[in-house]
1. Of A:Q393, A:Y242, A:W149, which is farthest towards the positive pole of the protein assembly as shown's charge dipole, taken about the Cα centre with +1 and -1 on the beta-carbons of Lys, Arg and Asp, Glu respectively?
2. Out of residues 5 or more away from A:S389 or on other chains, whose amide H comes under 5 Å of its own, with H placed 1.01 Å from N in the peptide plane?
3. What angle do you read, to the nearest 10 degrees and between 0 and 90, between the alpha-carbon axis of helix A:257-290 and the longest principal axis of chain A?
4. Given B:I102, A:Y355, A:W283, which one lies farthest toward the positive end of the charge dipole of the protein assembly as shown, if we put +1 on the Cβ of every Lys and Arg and -1 on the Cβ of every Asp and Glu?
5. With each pseudo-label sitting 7 Å past Cα toward Cβ, what's the B:K413-B:E135 distance in nm, one decimal?
6. Expressed in whole Å with the largest first, what are the equivalent ellipsoid semi-axes of the range A:1-94 derived from the C-alpha gyration tensor as the square root of 5 times each eigenvalue?
7. To test your reading of the geometry: what angle, between 0 and 90 degrees and rounded to tens, separates the Cα axis of helix A:131-162 from the longest principal axis of chain A?
8. Along each principal axis of its Cα atoms, how long is the range B:361-434 end to end? Whole angstroms, biggest number first, please.
Amino acid sequence: MDFPIFHIDFIGNRMLIAVDAILHVIINHALAVGALPVIALLELSGIRTKDPRWDRLAYRLLKVIFIITTTVGALTGVGIWFSASLINPAAIGSLIRVFFWGWFVEWIVFVAEVSLIMAYFLSWQSSGRTPEAKLKHLRLGIFLAIFSWITMAIIVAILGFMMDPGNWMSERTLISGVLNPMYFPQLAFRTTLAMVMGGMTMICLTYLFTRNDLPFRTTVLRAISSWSGIWMLALIIASVWYYQVIPQHMLANIPVAVTTQEYVSWNSSLKWLLTIGLSFVGWVLWSSIRHPGQVHGAKYLASVLLLFAMLGQFERVREFIRKPFIIGNYMYANGIRVEDYPLLQRDGILQHATYAGIREVTADNKVAAGREVFEQTCTRCHTVNGINSIRGQLKTMYGDKPWQPEVIAAYIENMHGARYFMPPFPGNKAELDALSVYLASQQKRATAFNGAQTNGIPIPDKISASTVYGTLPNLANPHGEQQ
Amino acid sequence: MTAPIPRDIPLPLPAPEGLLEILLIAVFLVHILFVHLMIGGSMFSLVCQIRGLKTPDYEKLAYRIMQTVTVNKSLAVVMGVAPLLIINTLYAPQFYASSALIGDMWMAVIPLVTLAFLLAYAHKFWWNHFLNIPELHIGIAALETVLFLVIPLIFMTNVNLMLFPEYWPKVTGFFSAMLLPNVLLRYLHFVSATVLFSSLFFVWWSGRKTFRVEVQFSELRVIDVRRFFYAFAFGATIFQILTGLMVFVSLPAQGMSWEFTVLLMLGGLVVLPAIWWMWQNLTRPGHLLDDNFKQILTCFACAAIVMGIARHDYRENALEDHKAAIAEKTINYQAAVKEASEEAQLAAIKAKETDIALPGATAFNQNCAACHHATLPTVGPALEEINAIYANDPAGIVAWTKSPGKKRPDSMKMPGFPQLSDAELMMISQYMLSH
């Protein structure tokens with residue numbers, strides 16, 4: 001509506017954010033929050049046992065952590081900002097206006113985290129000279145582990161808030177995000193999952209790095225497995241807690257019954273994955289504590305992958321329950337505010353979209369106008385030909401029968417009733433017809449769909465360049481003339 | 001050409017505008033300082049490595065320089081987050097628009113920076129693996145440096161484009177935005193600042209007491225290395241003034257003002273004593289490179305701060321009218337939204353009255369209408385067809401809905417509706433049959 005529409009039709013806008021965000025959260029949980037305590041633990045063991053192998057191993061592991069977190073890890077974090085501001089600027093812009101100070105504090109903690117990991121890693125070699133320096137260095141590691149956990153704790157407050165539709169309308173503060181009933185179960189679940197993930201990832205790398213020193217491998221694996229095993233027990237408790245609190249709370253917020261069914265099915269898929277995953281990882285950890293030398297590396301690797309999958313599925317469920325909104329009850333996933341709907345449905349969305357090239361649907365321009373409507377209302381989630389493509393959706397529904405515009409229009413008009421995750425259509429009747437004609441025209445010969453980064457924006461017309469609306473007076477300038 | 005006028009996000013700013021502007025100028029200066037040190041470090045490391053082919057001591061120097069890049073590049077990224085956040089807050093309508101218009105290149109910043117960082121690590125951490133294949137090592141360093149130099153050009157293009165909404169309709173893709181007036185000149189000005197600030201940094205860095213021990217030159221004298229950096233700093237300062245004048249002359253008129261001009265002149269004047277001192281230290285016997293070093297640094301720091309303020313001043317001038325128009329449009333749009341919403345509420349009250357006359361209508365529309373159209377077969381069969389099957393048999397519809405199956409080969413299976421009571425289902429069925 002108020003921003004040029006960036007669109008990538010192949011992988012799709014949603015998938016761009018998803019890939020970046022999942023990569024970021026996996027690196028953050030497995031290599032920062034979960035792995036850094038393990039490194040400090042190994043360093044401590046090195047100090048206690050006076051066996052230099054512990055220290056060497058800890059440094060090697062930290063080097064991997066350092067390289068990945070300060071490149072892919074940090075940049076995918078920034079990438080969430082970049083992709084969100086390209087794909088749904090209205091949503092991220094609104095969230096920033098509300099959570100600015102939350103994110104600002106998060107940034108300060110992030111600066112501390114990055115400074116600490118550099119200090120910890122880059123001073124490792126020189127800190128070995130005296131025992132006092134070594135203890136100081138260990139303290140750096142502990143601080144670092146705490147700071148990376150705090151970064152996560154803050155972001156969970158913001159996430160928790162976005163999931164709680166009621167509060168956005170009334171009180172838009174970070175504190176209410178923390179007091180949100182879902183905050184502590186989610187934080188507990190994420191913390192314990194991160195610890196097990198971090199432990200498991202370090203086990204895998206240790207397995208690789210100690211292949212020439214099997215007795216030492218046994219000792220280290222037992223130590224990290226015991227540490228992870230304790231967190232595993234906590235993770236089981238946290239999962240049960242999460243499972244008892246979240247679904248009820250979410251279900252209470254879901255207005256449409258069909259949504260409930262879909263949610264239950266999503267959530268039970270998470271439940272199954274959690275049950276199977278936790279049993280497997282628990283079993284691997286148990287055997288690794290008892291007979292650390294005899295567990296094959298493939299089992300460790302499988303555990304890590306299972307834990308990644310659990311985290312991924314958890315994030316998908318979390319994203320899923322947000323729909324059809326991107327900000328609960330305030331803004332739909334298409335980037336249009338709920339309160340704007342009556343105006344747009346009355347006048348048409350093309351009348352009010354700053355960067356639309358066509359304003360009125362006529363008998364001659366239906367396909368072109370429909371394309372504009374598609375661009376404004378559907379492209380945040382759907383592509384024409386790529387992932388989550390509209391052609392694919394229509395093909396599932398109508399197969400190879402000729403797609404009829406009237407049938408498509410009748411469906412879209414009431415779609416939000418049955419497909420609860422879809423926002424209602426925000427335009428007027430003429431635009432609905434144009435959209436349906438455009439969609440039907442894509443059955444045989446799909447036209448390439450490019451975003452503003454390729455096509456640019458139309459030359460501003462009267463609507464785009466004006467600051468007043470129709471016959472309404474100019475409220476911003478009561479003494480001035482009307483345009 | 002006229003500028004498109006979007007509406008702003010109708011939520012208040014999280015802090016007074018002035019405070020956000022001061023924060024923006026301050027954190028941006030810190031960010032850009034580390035960016036300069038990161039890019040300059042990469043460039044100098046490459047240059048030294050190439051010189052190292054003839055004089056092996058330079059290769060040692062190149063390695064030490066890369067160690068500073070590891071730190072500076074991380075600080076550059078982390079210090080960049082805050083200005084990004086504040087720009088997002090203060091200039092949402094302009095910044096999101098310009099980002100979208102160069103969207104693919106803008107998004108490419110993320111993988112490009114990641115790749116540059118990974119190359120920098122490969123360059124540094126595997127230094128000794130490359131001893132016998134210096135061509136490959138220098139190739140990696142060169143690619144890393146080129147990436148580091150390309151990324152600011154993308155940023156420059158975006159922050160320039162956001163200043164001029166009237167250019168937006170002319171832009172189709174990154175390269176057309178890059179060729180808009182001023183971008184390339186500003187970029188040149190930026191690159192010379194990179195050389196200037198990083199070489200000054202390395203003059204200080206190579207003057208530390210521990211440097212001699214760290215670098216372990218076999219022939220090269222530390223003083224020669226320092227003079228090497230110092231000469232670059234001096235040359236870059238002259239170049240910086242020249243490119244600065246070119247940028248000033250070519251700046252689009254939109255953001256010009258006397259205040260801005262005075263600020264620029266002030267920023268330029270502050271540097272003059274530094275140039276004088278540097279020239280003396282380089283050419284006069286009896287002068288040391290460290291003479292007046294603190295004063296020189298202070299001059300450049302002051303100039304950077306004044307330029308940072310001037311830069312912000314130009315942006316505010318350029319966008320003043322656009323921001324005012326956006327504010328006006330946002331207020332008027334909100335009024336239109338309110339009017340339409342009141343109208344819709346009245347219509348909803350009327351619709352409720354008809355709903356009482358037609359029980360089951362609302363429930364039907366909420367639960368069934370998406371798939372069952374009155375006359376057209378959409379996802380499920382049309383009402384006409386259902387009515388023909390279940391004429392006078394609403395209980396049949398209720399029974400089917402309670403345990404639906406799949407009758408038609410080319411339709412989807414209907415979901416169950418356990419949340420609806422028998423009475424509600426009956427009401428809906430009767431409404432369907434009466435319709």
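Throughout, read-outs are computed from the coordinates displayed, never taken from laboratory work. All of these numbers come straight from a predicted model, not from anything done at the bench. Methodologically, a virtual Cβ is constructed for each residue, glycine included, from the backbone with ideal geometry; neighbour enumeration extends over all protein chains shown.
1. A:W149
2. Distant-sequence amide H within range of A:S389: A:T383.
3. The angle comes out at about 20 degrees.
4. It is A:W283, whose Cα lies furthest towards the positive end.
5. So the two model labels end up 6.5 nm from each other.
6. 40, 11, 8
7. Helix A:131-162 sits roughly 30 degrees off the main axis of chain A.
8. 31, 23, 21
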